[in-house]
Amino acid sequence: MEDGVTDQGFSADQIDTSRPHPARMYDFYLGGWDNYEVDREAAQTVIDILPDIVPAARANREFLQRAVRFLAESGIRQIIDIGTGIPTSPNTHEVAQAVSPDIRIAYVDNDPIVATHAGARLTGTGNTGFFLGDVRQPRSILDHPTIGKLIDFDQPVGLMLVAVLHFIKDEEDPAGIVAQLRDALPDGSYLVLSHTTADFHGGNFAEIDKIYTKATATLNSRPHAEILSFFEGFDLLDPGLVQVPLWRPDGPPPPPEELRRVGFYGAVATKH
Ligand SMILES: C[S@@+](CC[C@H](N)C(=O)[O-])C[C@H]1O[C@@H](n2cnc3c(N)ncnc32)[C@H](O)[C@@H]1O
């Protein structure tokens, strides 16, 4: 096994600083520094409309970390993390390898800005790899040489689609994308998925969607039932598809007034 596999396959001029990028806007919500003026302006406009985006993004990130720890503790030894985002510590490999250092992680994102940071912060340790890939082309992800090096499809895989499918439009068939990825996984594999929703915020999201329309990817918030349909062919684990702070919280669940602020559903499921 090659350590720290990186196949970024991009050139610096692919980094578009003229339009906001969702990855860099999310980095700003999380309090990171890997963003440009254009991202900060767009993210700040979203925050002005919906201040709750900041606690929601953080709650989503905490869900990701709890879910990865769960995968590692459940015996998963290989993870594909699609839409991984600009590295934010602790990253998937840090959480997983704290449980078991031999866990292998293939990181995938379609934003070149993520690739610029991947070398040092995602693939700096052994057993991890990063490549530029688009979830809308699942076959090209599954067939990528970095996946070939890190993932053995005869063994259970942890597939992570955390806060990424809301960038996929209905006409791009998000359920079909998940199904194609699912079909490549052996039984006993896990799916970790989270997704934004307007179920708790009503009208505000239309304005926010408009801001993302000017960015490199549109935001497509969805209701609970639609997100649930992405889990076809999987068994949801307790407590099912819930607002992310309610997914196996480490401490007491947040009070209703805090929970109301989190427009993110998340779940973990197994392939049967
Ligand atoms: C909100 S961030 C989520 C980061 C991380 N998964 C988390 O939840 O903390 C969404 C990421 O998905 C990536 N993304 C958006 N559309 C994508 C696509 N079609 N294929 C792969 N990645 C995509 C963005 O570049 C961004 O880095």
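Since every read-out is calculated from the coordinates, none of them should be taken as a lab result. Remember, predicted model here, so these are calculated numbers, not experimental data. A quick note on method: Cβ atoms are made from the backbone with ideal geometry, for glycine too, and the neighbour counts reach across all protein chains shown.
Things to note:
- Backbone amide hydrogens, once placed in the peptide plane, bring GLY158 within less than 5 Å of GLN78, ILE79, ILE80, TYR190, excluding anything fewer than 5 places away on its chain.
- Among the trypsin sites (Lys or Arg not before Pro) in the range 179-221, those placed in a DSSP loop whose Cβ has at most 12 other Cβ atoms within 10 Å are LYS214.
- When the range 5-271 is described by a simple charge dipole with +1 on each Lys and Arg Cβ and -1 on each Asp and Glu Cβ, the residue from ILE76, HIS166, ALA198 located farthest towards its positive end is ILE76.
- Within a Gaussian network of the chain (alpha carbon springs, distance under 10 Å), most fluctuating of ARG24, ARG40, ARG139: ARG139
- Note on HIS117, HIS272, HIS224: ascending count of other Cβ atoms within 10 Å places them as HIS272, HIS224, HIS117, the fewest first.
- A Cβ-based charge dipole, computed about the Cα centre of the chain with Lys and Arg at +1 and Asp and Glu at -1, lands at about 280 debye.
- Highest mean packing first, where packing is the average number of other Cβ atoms within 10 Å per residue, the peptides 239-252, 86-99, 146-159 line up as 86-99, 146-159, 239-252.
- Here, P(r) means the percent of Cα pairs in each 10 Å bin from 0 to the largest distance; for the range 5-271 it is 7, 32, 39, 20, 2.
- For the chain, calculated [θ]222 nm from helices alone, where every DSSP H run of n ≥ 4 adds -39500 (n - 2.57): -10500 deg cm²/dmol
- The HN-Hα couplings worked out from phi for the range 167-176 by the Karplus form 6.51 cos²θ - 1.76 cosθ + 1.60 (θ = phi - 60°) are 8, 9, 6, 3, 5, 8, 6, x, 5, x Hz, whole numbers, x standing for Gly and Pro.
- Restricting attention to the range 5-271, lysine pairs at least eight places apart or on different chains and with alpha-carbon atoms under 29 angstrom apart total 4.
- Of the GluC sites (Glu not before Pro) in the range 214-268, those whose Cβ has at most 11 other Cβ within 10 Å and which sit in DSSP loop: GLU232
- Within the range 222-272, the trypsin sites (Lys or Arg not before Pro) that combine a DSSP coil assignment with at most 15 other C-beta atoms in a 10 angstrom radius are ARG260.
- If both residues of a DSSP beta bridge must be in the range 5-271, then about 35% of such bridges are antiparallel.
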